[in-house]
Every structure is written in structure tokens, then in C-alpha cells.
């Protein structure tokens, strides 16, 4: 079954180089991955070089300095070099007369916007107004909406996050269980009882549909949680409760509809 990981990091200055990710992917039968630029890095050359050196394996979501007035032009230059997405937060705005200029440029270029923020920010009226303003821009909610970062508030927020499924241009990245379920103490093996974990993935499938969900492991930070192998293994195991068609969509089909993996 085609497996595409839509949230991986690699760098020659932070995290791990691409060779380590390739080893993990090959070891776990992960066919392709989306390389997500890490925050604060505006030079996307390394990720694009990785995609060129490994045709068919990677595509790139870039970051630009959106505080700069020429950010839309810079984004277009990275897109011309092969970037297929751009990373924003819900609060990213452009200087000048049009605060949504960088978002509009992403839509014009046909890019995917990978969006990092907290659940409260995603469900805000401001973000929903932006999503409605740009119906042709495909926006991916990272880290399952990061609702668990807000404690009990996040638990209360998750049902509101599911209401965002009404916007057809929104997609949801599903991470490993350890992003939102605490590590058990004392330790058990396996750490998560997949028969009793809270049904957040089920809620997401009911709301968004498998055709708007992907897996996004957050490699290599995931290695400090349950580990890349276990992220992929437990997700595959859990998803077997859904139909083959739904599994295919979440594991790779949705991602393949959003990105192409030809060499830049």
C-alpha cells in the first residue's frame, strides 16, 4: 500500500541529514515524503537538492520571510525551483496594503499551504475568514491541530477543530499517537493499547473523510517520542479498522493528490 509521509524534516544544520531519513523510510516501507522546512530557515536549497538527488522520493514545502515586502516574489522563485508548498502559521500576514498577499501568491502558484499553529488559532474566526477568502488554496493543518499542546483546553477544542471540515480546502495531518497521548508509566509494550486509545482518528475520518487526511510523522522529533518505526507501525495497525479505500487514502492517496514527486 502506497505510503507517503507528509511531514518530515531534514537539514545539514539542524535535525538530521537526508541520508538518515532515507534509511528510516526504506526500513519501514515508506515510499515518499514531503520535506517540511523547519522554522526560521529561509534558505530552502538543501531540501530542493535532496529532492533532485532522489527523484520520485521527495517534494518540498518551503519557508520564506513573510515580513519582507518581496516575499511573494521570493516564494515564486522557490516554486520555480521545485517547491510545491509553503509553510505558514494561521497568523502569517504580509506587510503593505494587502495582508493576505503571500497567501494569495501561494494560491496563484498552485502551492499547498502547510499551516502550523494551536487548535485555538485554527478555530478562530480570523483563520476561518482567511480559509473562506481563499477557497482555491489547499491548506494542511499540521500536527492534528496541535490541540494537545493546550492541555484540557485542547481537549475541549478538538470537536471545534472537527467543525472546520466544512471548508473543503482544508486537509488534516495525522501524527503518531505519542503526539497526543502521554507515554505510559510504568512502561508497557506496546505503549499504546490501540483498542482503547481515544477515538480522535475516528472522529477525524467521520468529519474530514479519509480523502482529506494524510499521515505526518514529524520525523525526526518523532524519534524522541515513540520512534519513527513505531509511529508508522501503530498508525498502519490502527488504520486497519477502516476500509481498504480509506487506508489507501490516509496512508498515501490523499498526499499523492496534493503533491507530485517528479524531480524538481
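Structure notes:
- Label-to-label distance, residue 73 versus residue 224, with points set 7 angstrom from Cα along the beta-carbon direction: 3.9 nm.
- For the chain, the Cα gyration tensor yields ellipsoid semi-axes of 28, 23, 17 Å (square root of five times each eigenvalue, largest first, whole Å).
- Ordered by the count of other Cβ atoms within 10 Å of each Cβ, fewest first, 260, 7, 38 give 260, 38, 7.
- The chain: calculated mean residue ellipticity at 222 nm from DSSP helix runs of at least 4, using -39500 (n - 2.57): -10000 deg cm²/dmol
- Between region 184-230 and region 82-131, the Cα center-to-center distance that results, in Å: 26 Å
- Highest-MSF residue in the chain out of 244, 196, 214 [GNM, Cα springs under 10 Å]: 196
- Sorting the segments 226-235, 161-170 by their mean number of nearby beta carbons within 10 angstrom, highest to lowest, gives 226-235, 161-170.
- Normalised contact order of the chain, rounded percent, pairs of Cα under 8 Å and 6 or more residues apart: 22 percent
- For the pair residue 81 and residue 39 in one chain, pulling the backbone fully straight at 0.36 nm per residue adds 13.1 nm over the alpha carbon distance.
- Packing-based exposure ordering (other Cβ within 10 Å, fewest first) of 97, 27: 97, 27
- Going from the residue with the fewest nearby Cβ atoms within 10 Å to the one with the most, 12, 136, 5 rank 136, 12, 5.
Each value in this text was obtained by applying a stated rule to the coordinates, not by laboratory testing. If you're wondering where the values come from, they're calculated on a predicted model, not measured in any experiment. Because the Cβ atoms are built from the backbone with ideal geometry, glycine has one as well, and the counts that use them run over all protein chains shown.
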